[in-house]
1. Quick one: A:N214 ticks every box in (1) under 26 Å from A:S90 (Cα atoms); (2) more than 8 Å from chain B (Cβ to nearest Cβ); (3) within 20 Å of the chain's Cα centre (by Cα) bar one, so which box is it?
2. With out of contact with any strand residue (DSSP E or B) (no Cβ under 9 Å at 6 or more places or on another chain), assigned by TED's automatic domain parsing to the domain that holds B:A303 and either within 26 Å of B:R329 (Cα to Cα) or not in a loop (DSSP other than H, G, I, E, B) (or both) as the only criterion, which of B:A244, B:A248 stands out?
3. Output the residue which, of all residues in the stretch B:112-129 that are outside any helix (DSSP H, G or I) and facing chain A (nearest Cβ under 9 Å), is nearest to the chain's Cα centre (by Cα).
4. Being part of a loop (DSSP other than H, G, I, E, B) and of a type in the set (K, R) is true for just one of A:K218, A:K226. Which residue is that?
5. Return the pair list, or none, for Cβ contacts closer than 7 Å from residues in the stretch B:61-78 that are within 14 Å of chain A (Cβ to nearest Cβ) to residues that are among the aromatic types (F, W, Y) and surrounded by fewer than 21 Cβ atoms within 10 Å (Cβ to Cβ), at least 6 apart or on different chains.
6. Restricting attention to the stretch A:173-198, which residues are closer than 28 Å to B:A213 by Cβ and either surrounded by fewer than 16 Cβ atoms within 10 Å (Cβ to Cβ) or not polar (S, T, N, Q) (or both)?
7. Checking B:F24 against (1) closer than 21 Å to B:A109 by Cβ; (2) touching a Leu at 6+ places or on another chain (Cβ under 7 Å); (3) aromatic (F, W, Y), which single condition isn't satisfied?
8. Name every residue in the stretch B:1-45 that is in a helix (DSSP H, G or I), touching a residue at least 24 places away in the same chain (Cβ under 8 Å) and of a type in the set (D, E, K, R), in order of residue number.
Amino acid sequence: MKIIVCIKQVPDTTEVRIDPVKGTLIRDGVPSIMNPDDKAGLEAALRLKDEIGAHVSVISMGPRQADAVLREALAMGANAAYLLSDSAFSGADTWATSSTLAAAIEKLEYDLIITGRQAIDGDTAQVGPEIAEHLGIPHISYCEDLRIEGDEVIVKRQFEDRYQILSARLPVLITALGELNEPRYMTPGGIFDAYRESEVIVWTRDDLTVNTANIGLKGSPTRVAKTEAKSVKQPGTKIETGVDESVQYVIDKLKEKYLL
Amino acid sequence: MTINEKAVFVFAEQVDNRITPVTFELIGKARELAAQLDSQVVALLPGYQVGSLVSELVAYGAEVVLLADHVELEHYRTEPYTQVLSQTIEKFQPEIVLIGATTIGRDLAPRVAGRVHTGLTADCTALEIEEETSRFLMTRPAFGGNLMATIVCPEHRPAMATVRPGVMIKRIPDDNAAAQIIPFEGTITENEMYTTIQEVLKKGVSKQDIQDARIIVAGGRGMRNAEGFAMLKDLADVLGGVVASSRAAVDAGLQDKSRQVGQTGKTVRPILYIACGISGAIQHLAGMEESDFIIAINSDTTAPIFNVADVGIVGDALKIVPKLTEAIRSERGL
């Protein structure tokens, strides 16, 4: 069983602050972490490795510093790590990112691909399904549980009000929810090996068979026109009436906001 | 039967033959956009035996309904739905395609955008056509809601966007409105990208992580004891939400640490946060002030929680919460 897990290095958005004048992110001093949903996806792959035996490769696209999350993945138990790093890849939107990752995945063998549902910096949830589309394989998103049965994967897929238990013939791409599991810690031996024994293979633009028109900023159908800091909230309405009036007021507000 | 150039398409999502409400909101927004483009709004409705839903789409403002009625479309699955949307887009070449940012929409949209090779912007909270340039501007929160990013799709068509539910405004339904109904004439072909639905499980009460919850009912010292928290549980259950708490309630042993919101607990951004008997220390506010809609119930009119609340109720949460639960239960027919 060959599994590929896509991981992204992201700023810890709970630590991100905004420059109120320029409306830009203050990244200084903000720690970089492995995206939480991706980490759950990696853990799911490592559990399959523990239970049924699997070779787990991790791939990340990003600057050279993203080496750190790939080494973390190796220290957790991944077998091989690939970093797609080239200025030609930069400025990519989800379409171009997924086309680049798909080109790299096509160089490897795989039965199962796992991505996180979404990254905490962009929150798009688009790259996983778009990779599957580029590869021409099925995807199942919002995965809360999975198991392998023969040549099929069985997935518990979350919806707002229900779950679907879905099956699909391998190869399949799964997007993992954070609640899939509790990721393991790196072991001291694993950390040692990840830095001393293992290598992170770096692939540049020339290592991939992909049309230049489909990567980086040039290959991105969308552009960021502008960014600004979120406006500061004003206090709302405060009411001081009896219990029944208060309850009715809340009910009306919930309806107005489509929450009821 | 024709569709105008530069049409604005809306994916009409239905589950169990009921239109998902965000669809009507999208039609409302699409009418504004289509007016500026001098074009029309087309609702694309995939499903099985869903013809009876057409009139609702028309009443809410769809000018054309493309009806894809096929047994393969009875329950949502990515591939057959993707085939319907991508074939329709290729045939009619719309200017804009709007899809609700539901768990179905956010699964379907990237697959379609990948297939028709166009740009897709996720979870938008504002859409407009810029007067001077005629550019379609799609605005969305990024970096955990710290930043608002405005995205454009300069060359590829259609520009696609998923749109957050509860943000756009639906029109007042007009039962006399008329529309053109066009049947979907493409083909749905089973292929290697098909998945099989083995089973459907309706959700019961879940013990999900508070950070993933869309609705949170949180309690503080004002809820006093286990009985008070049981009231919150009842309220959370009727809303389909989860219970969380302030640090005070965790320290008092009324809640597990994993449910603590705030500086030393978790940061949450649900679509609805109901704070009951929470005064609102700065450390608590840091963990919840970005919630989309905040209701605070507290007997102290000067409590700082009211500074971040959209709706503040001054009163005893122990009296108000059970009545609110009852009222919601009867609204929902539970």
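The values are calculated or read from the model by the stated rules, or taken from the named source; none is laboratory data. The shown structure was predicted, so the numbers you read here are calculated from the model rather than taken from an experiment. Glycine also receives a Cβ, built like all others from the backbone with ideal geometry; neighbour counts cover every protein chain displayed.
1. Going through (1) under 26 Å from A:S90 (Cα atoms); (2) more than 8 Å from chain B (Cβ to nearest Cβ); (3) within 20 Å of the chain's Cα centre (by Cα) one by one, A:N214 breaks only (3).
2. Details: B:A244 fails: out of contact with any strand residue (DSSP E or B) (no Cβ under 9 Å at 6 or more places or on another chain).
Testing whether each residue is out of contact with any strand residue (DSSP E or B) (no Cβ under 9 Å at 6 or more places or on another chain), assigned by TED's automatic domain parsing to the domain that holds B:A303 and either within 26 Å of B:R329 (Cα to Cα) or not in a loop (DSSP other than H, G, I, E, B) (or both) leaves just B:A248.
3. As a first pass, look at the stretch B:112-129 and keep what is outside any helix (DSSP H, G or I): B:117-129.
Now drop any that are not facing chain A (nearest Cβ under 9 Å), which leaves B:117-123.
On the way: B:H117: 25, B:T118: 23, B:G119: 21, B:L120: 17, B:T121: 15, B:A122: 12, B:D123: 9 Å.
My answer is B:D123.
4. Values: A:K226 fails: part of a loop (DSSP other than H, G, I, E, B).
Residue meeting the stated conditions: A:K218.
5. B:E74/B:Y48
6. A:L173, A:I174, A:A176, A:L177, A:G178, A:E179, A:L180, A:E182, A:P183, A:R184, A:Y185
7. Of everything listed in (1) closer than 21 Å to B:A109 by Cβ; (2) touching a Leu at 6+ places or on another chain (Cβ under 7 Å); (3) aromatic (F, W, Y), B:F24 misses just condition (2).
8. Step one: of the stretch B:1-45, the residues in a helix (DSSP H, G or I) are B:22-37.
Next, only the ones that are touching a residue at least 24 places away in the same chain (Cβ under 8 Å) stay: B:22-31, B:33-34, B:36-37.
Matches in the stretch B:1-45: B:E25, B:K29, B:R31.
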